[in-house]
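Okay, so here's the structure we're looking at.
Just so it is clear, none of the values below were taken in a lab; they were calculated from the coordinates. Since the structure is predicted, the reported quantities are computational estimates derived from the model, not experimental observations. Every residue, glycine among them, receives a Cβ derived from its backbone with ideal geometry; neighbour counts consider all protein chains shown.
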Amino acid sequence: MTVRRLGVLTGGGDCPGLNPVIRAVTRRAIQAGITVVGIRNGWKGLIQADTIPLTLESVSGILHRGGTILGTSRTNPYKKPEDAKRVMENIRKLQLDALIPIGGEDTLGVATKLKKDGQKVVGVPKTIDNDLSATDFTFGFDTAVNIAMEAIDRLHTTAESHHRIMVAEVMGRHAGWIATYAGIAGGADVILIPEEPIDLDAVCEIIRKRHARGKDFSIVVVAEGAQFKDKHLVTAEGKLDEFGHVRLGGIGDQLGKLIEQRTGYETRVTVLGHIQRGGSPTAFDRVLGTRFGIRAVELVLAGQFGTMVSLQGNKIVAVPLEEGTGALKTVDMELYNLSKIFFG
């Protein structure tokens, strides 16, 4: 089958590197004589048939821009049968021969269902948390790590000046990749991740030992999804999004209060939050996004649907969509244990 019209969308949380993918998809597809249709605001745009044309002019100058020119949302069209039906109808009405959804576990989970319903789909993996299986890295992660590292560098100087404990809360719902990488790069004294329950006694002991040897400040990096030993997730609010996820937030504040109570040392908390998502992508993320976008179009041209582009080593390869969404990729504990050498 010849692909004449190609739909592109970005779903889930935004991150640096999305625009480089959109740009690369558009340029490669147009080069192959394909019309590119931008679907606005993720799967919501396909429910509403809300689209814009993507041309060489419209993607010019977006390589360095953060976010996504298409907009995004956390919309699950399979939550309501009528929405799933509208998606199918609009794919036909818009005469889309194939789709390239760019997103994480939830967005590509919808793509997997569409594939099972007979749609021609090639996925591009995107998650700032770097927790998608079947790919070594996802774009956005490197930028987030660099932003978090710079924040930790800045916290060092104010912590040292005021003789304080500084707790930095970074992103990482189920996996602590950002916390681990940024913590190692920033010289954190303690790194806490979802993969290993927080031992508050051990954390406080590390801080006390530092003080005993003359280090009267400490930097603690904690992933937002880290849990205390009672396995209680710390959430910002109780309601769920369309994919059943709670909004996390607050572990840093809880941890900071407990550290101050137990040690008596003045403690301050910084929550980086969406700062990690914003701004220009790093060179690594621009190049990775570009490579992903071009390879995705080439898979469409080759008729290799039901696949996802993936970085393995230094090669961009195709893997089944199910591999990317089947299981979360958690932190390599060998790397995390390496970071513990520097605790305290």
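Of note:
- The range 110-144 and the range 22-68 have Cα centres spaced 17 Å apart.
- With a threshold of 21 Å on the Cα-Cα distance, the over-threshold entries among K116/K315; K44/K126; K80/K113; K93/K115 are K116/K315.
- Helix 18-31 and the long axis of the chain differ in direction by around 20°, with both axes built from C-alpha atoms.
- Net charge, R23 excluded, C-beta distance under 11 Å - Lys, Arg +1, Asp, Glu -1: +4
- Between P281, P194, N130, the Cα set farthest toward the positive side of the dipole of the chain (charges on each charged residue's Cβ, about the Cα centre) is that of P281.
- Degrees separating the helix 81-93 axis from the principal Cα axis of the chain, which is the longest one: 50 degrees
- Sorted peptide list for 78-91, 295-308, criterion being average Cβ within 10 angstrom, highest first: 295-308, 78-91
- Set of lysines near K340 by C-alpha distance (under 26 Å), chain-local residues within fewer than 8 positions excluded: K209, K215, K229, K231, K257, K329
- At q = 0.11, 0.12, 0.15 Å⁻¹, base-10 log of I(q)/I(0) for the chain (Debye sum, equal scatterers on each alpha carbon): -0.71, -0.82, -1.14
- Radius, Kirkwood style, for the range 143-277 when every pair of distinct Cα atoms is counted (Å): 14.8 Å
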